[in-house]
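Readers should treat all values here as calculations from the given coordinates under stated rules, not as data from a laboratory. Everything numeric here is computed off the predicted structure, so don't read it as measured data. Please note: Cβ atoms are built from the backbone with ideal geometry, for glycine as well, and neighbour counts cover all protein chains shown.
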Amino acid sequence: MSPTSTSCREIQPDLVATATGDGGPREHARVDRHVAACAPCRRELDRYRSIDRVVGEIRRAPIRADRADVVRGDLEWRLAELRRRAVTARVWSSPLGPILIARSEQGVVAVEYLDSARGADASRLLRRHGIEILEDGTETETFYQQLLEYLAGERTRLAWPLDFRLAGSDFSREVLAATAALPYGAVVSYAHLAREIGRPTATRAVAQALRHNPLPIVVPCHRVIGSSGALTGYAGDKLALKERLLTLEGVPVAHAGRAGHIDRRVMYTRADHYTEYCLPTCGALPTLPLWRFTLFGSRARAEAAGFTPCADCRPDLNPISA
Amino acid sequence: MGREPFEAVMAAHHAEIYRYLRRITFRSAEAEDLSQETFLRAFRAYRALPPDANVRAWLFTIATNLFRNTLRAAKRRQAAHEQVKRKGREDDGEGPERAALFNEARIAVEAVIEALPPRQRAAFVMRKVHELPYEEIGESLGCSVETARAHVFQAFRKIRGSLDDAQLPPPEKTA
C-alpha cells in the first residue's frame, strides 16, 4: 500500500487519539501504516505519548483533601438549612385557573392563585417570604386531586395538615385557625370571627389577616363577609372567585346593588351559642346584628354542621322558598 | 421509589466534582464556591431528575455550566487573570507546594490547559483527568460526541504546539 494513502494532515486526529489512549483498533492500524513510512509523524506520535504521560501525572496528583472535607462540611450545613426552609411546590391547572400548592415537612404551606401556568417559582407569595421552592408535584398531587373533587362539588372537606408559617403573626395564625373551622356552606362576618377569637374590637385586623391568607380555599376565608352582607374582597381582585366558591357550596349570592352580597333574609340562621338553626324571621332574629350569626344556604348544610331545626319556627316544615 | 437519598449522591460524587472544578478553575476558592453551588442546585433539581438518569454525568453538566457562567461574568477580569498566568502559579496560594511537586513539563502543560478556551478545557479535563466517556462529555457540554472529541484533540494540539522537545520527558518505548 502507498504511504500517501493517508496524508500527514488527515492522520493527525488518529495520531493524537492513538497516543492518548482514545483510539480504537482501526485508528491504530491507520497510524501504524502511516508512521511506518513517515518519520516526522513517528516523532510526533512519540511527542503526544510524552504529553499523555505528563497529563497522566496531573490526573494522579492529589488535590488537597483537607479542603475538600471542609467544603463538604459547609455544604452539608447549607443543605440542612435549605431542607428546613424549603417547600415543595407545583402549579396545577384547575377550574379556577392555575393554582399553586406548596407543602413543607409539617403540612400545606400555601395555596396561591396564579395568573399564568408557569413554574412554581412564579409564586409571589413564596418569593416574598424568601421561601426556597423545590419544584415537585409528588407530595402535593393528592391534595390537588382532592381540590379538584372539592371544586367539582364531590367533596366538602379538605382535611389537610396545615403549616401556618406564612401567617404574619400569632394573631393571624389564630384568625386562620378559626376560619379553618368554619363549616361548609356557611358564612359569618369578620366581626363574628373577631369575637370568636376573643378580640371583639379587632374586626379590621381580622379582615386584614384574611386578606393575606396564604391558604385560600382550605382555610375558607371566602366564607367570611362584611357586616352588611357584602362579599367585600377576595385574594386581591378576585371577588368573582369568592362568589364562585360560595355558589359551589350552595350559598346564594344576591346582586341587588352593584356588588354581590349575602341576603340574610334568605339564609338559615344559627345564633351564637345555640344548637338549633332557625328561619331568618324567627323571633327577634331580624333585629339582631349579623355578627351574632352563622348563616347557611341550605338546611342540609346547617344539619351537616351539627345543628337541629328550631322547635319554634320549624325550618324543617317551612323551608325558605327559593 | 428506588431513588437513593441525596446524601448518598453527595457522598459518592462530591470529592470528584470538587476535583474537577479545582482542575478547570485552577483556583481553590472558586472551586469551593462552584462545588457548593453545584450540589445546592443539584439538590433543588434532584426530585425532577428521571430515575434512570446518569447522576455523575448530570453533576458534571451542572458544574460545567456554572463554571461557564462564572467565566462569562468574569470576562472583565480577564486582564488581571492573564497577568497572574504570566507570573506563574505562585499567586494561587499553593504555589510553593505545587512547584515542588510539579516538574517543568507539568507546569508547562497546566499553563496551557489553563489558557484553553473553557469548553476545550472542560472537555479535556473531563476526558483526561476524570476519564468520562465522550457521550457524557458531549451531554455535559451540550454538544455532539464528535465535537467533544474535537475539543480534546484541539487541546492536545495546543499543548503540543506550546512545548518544545526539550520540555518533554523522553518517550516510553511501547511494545
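Helix-only mean residue ellipticity at 222 nm, the protein assembly as shown, DSSP H runs n ≥ 4 weighted -39,500 (n - 2.57), per residue, nearest 500. What is it?
One gets -16000 deg cm²/dmol as the mean residue ellipticity at 222 nm.
Determine, from the Cβ-Cβ distance of A:Ala259 and A:Ala205 and an R0 of 35 Å, the FRET efficiency 1/(1 + (r/R0)^6), rounded to the nearest 0.05.
That gives a FRET efficiency of 0.95.
Taking a ≥ b ≥ c as the square roots of the Cα gyration tensor eigenvalues, with a/c under 1.5 meaning rounded and otherwise prolate when a/b beats b/c, else oblate, which class fits segment A:168-322?
prolate
Full extension from A:Arg155 to A:Arg67: what is 0.36 nm times the residue separation minus their Cα-Cα distance, to one decimal in nm?
26.0 nm
Report relative contact order for segment A:48-143 in percent, whole number only (criteria: Cα-Cα under 8 Å, sequence separation at least 6).
Once divided by the residue count of segment A:48-143, the mean separation gives 24 percent.
Would you mind calculating the relative contact order of segment A:1-115 from Cα pairs under 8 angstrom and at least 6 residues apart, reporting the percent as a whole number?
RCO, segment A:1-115: 14 percent.
Set the Förster distance to 30 Å, then compute FRET efficiency between A:Arg124 and B:Ala115 from the Cβ-Cβ distance, nearest 0.05.
0.10
Pull the list of chain A cysteines that no other Cys approaches to under 4.7 Å, Cβ to Cβ.
Lone cysteines by the Cβ rule: A:Cys8, A:Cys221.
Decide, for segment A:14-97, between rounded, prolate and oblate: order the square roots of the alpha carbon gyration tensor eigenvalues as a ≥ b ≥ c, take rounded if a/c falls under 1.5, and otherwise choose prolate if a/b is larger than b/c, else oblate.
In terms of gyration-tensor shape, oblate.
Please rank A:Arg173, A:Arg49, fewest neighbouring Cβ atoms within 10 Å first, as an exposure proxy.
Lowest count first: A:Arg173, A:Arg49.
Explain nothing, just the number: dipole magnitude of chain A about its Cα centre with +1 on each Lys and Arg Cβ and -1 on each Asp and Glu Cβ, in debye rounded to the nearest 20.
580
Rounded if a/c is under 1.5, else prolate if a/b is larger than b/c, else oblate: which is segment A:216-272, with a ≥ b ≥ c the root eigenvalues of its Cα gyration tensor?
Taking the square roots of the gyration eigenvalues as a ≥ b ≥ c, segment A:216-272 is oblate.
Sort B:Asp33, A:Asp46, A:Asp272 by Cβ crowding within 10 Å, fewest neighbours at the top.
Sorted ascending by nearby Cβ count, the order is A:Asp272, B:Asp33, A:Asp46.
Specify the angular offset, from 0 to 90 degrees and rounded to the nearest 10, of the alpha carbon long axis of helix A:170-180 from the longest principal axis of the alpha carbons in chain A.
So the inclination is approximately 70 degrees.
Can you list residues from other chains, or at least 5 along the same chain, whose modelled amide H is less than 5 Å from the amide H of A:Gly23?
A:Thr18
Pop a pseudo-label 7 angstrom from the Cα along the beta-carbon direction at both A:His273 and B:Asn69 and give the gap in nm to one decimal.
6.2
Per residue of B:154-160, count partner chain C-beta atoms within 10 Å of its C-beta, then hand back the mean as an integer.
Taking all residues of B:154-160 together, the mean is 5.
For helix A:8-19, what angle does its Cα long axis make with the longest principal axis of chain A, in degrees from 0 to 90 and rounded to 10?
Once rounded, one gets 70 degrees.
If the viscosity is 0.890 mPa s and the temperature 25 °C, what translational diffusion coefficient in µm²/s does Stokes-Einstein give for the protein assembly as shown when Rh comes from Kirkwood over Cα pairs?
Roughly 87 µm²/s, to the nearest whole number.
With chain A treated as a Gaussian network of Cα nodes joined by springs under 10 Å, which of A:Thr140, A:Thr18, A:Thr287 yields the largest mean-square fluctuation?
Checking each option, the largest mean-square fluctuation is seen for A:Thr18.
GNM, chain A, Cα, under 10 Å: largest mean-square fluctuation among A:Val266, A:Val31, A:Val219?
A:Val31
Run the numbers for B:Ala12 and B:Glu131: contour at 0.36 nm per residue of separation, minus the present Cα-Cα distance, in nm.
41.2 nm
What angle do you read, to the nearest 10 degrees and between 0 and 90, between the alpha-carbon axis of helix A:239-248 and the longest principal axis of chain A?
Relative to chain A, helix A:239-248 is tipped by roughly 70 degrees.
Zone of A:Ile58 (label point 7 Å along Cα→Cβ, backbone N under 11 Å): which residues in segment B:118-148?
Zone members listed by number: B:121-130.
Top mean-square fluctuation among A:Thr203, A:Thr20, A:Thr138, Gaussian network model of chain A, C-alpha springs under 10 Å?
A:Thr20
Can you give the extra length, in nm with one decimal, that the chain gains between A:Asn318 and A:Glu303 once fully stretched, where that is 0.36 nm per residue apart less the Cα-Cα distance?
Taking 0.36 nm per residue and subtracting the Cα distance, the gain is 3.9 nm.
What's the FRET efficiency of B:Cys143 with B:Arg44 using the Cβ-Cβ distance as r and R₀ = 22 Å, to the nearest 0.05?
Between B:Cys143 and B:Arg44 the formula returns 0.30.
For segment A:236-322, what relative contact order do you get, as a whole percent, if you take Cα pairs closer than 8 Å and at least 6 residues apart?
After rounding, I find 27 percent.
Show the residues, 5+ positions off or on another chain, whose built amide H is closer than 5 Å to the amide H of A:Tyr234.
Those lying under 5 Å, H to H, from A:Tyr234 are A:Leu239.
Please give the average number of partner chain Cβ atoms lying within 10 Å of the Cβ of each residue in A:41-52, rounded to a whole number.
Mean partner shielding for this stretch: 5.
What size of dipole, in debye to the nearest 20, comes out for segment A:176-322 about its Cα centre when the only charges are +1 on Lys and Arg C-beta atoms and -1 on Asp and Glu C-beta atoms?
Approximately 380 debye in magnitude.
Hey, can you rank A:174-185, B:46-57, A:124-135 by average C-beta count inside 10 Å, highest first?
Answer by packing, highest mean first, reads A:174-185, A:124-135, B:46-57.
Once amide H atoms are placed 1.01 Å from N in the peptide plane, what residues at a sequence separation of 5 or more from A:Ile225, or on another chain, have their amide H within under 5 Å of its amide H?
Sorted by chain and number, the residues that satisfy this are A:Val188, A:Ser189, A:Tyr190.
Within a 10 angstrom radius of each residue's Cβ in A:13-22, how many Cβ atoms of other chains show up on average? Whole number is fine.
That average works out to 4.
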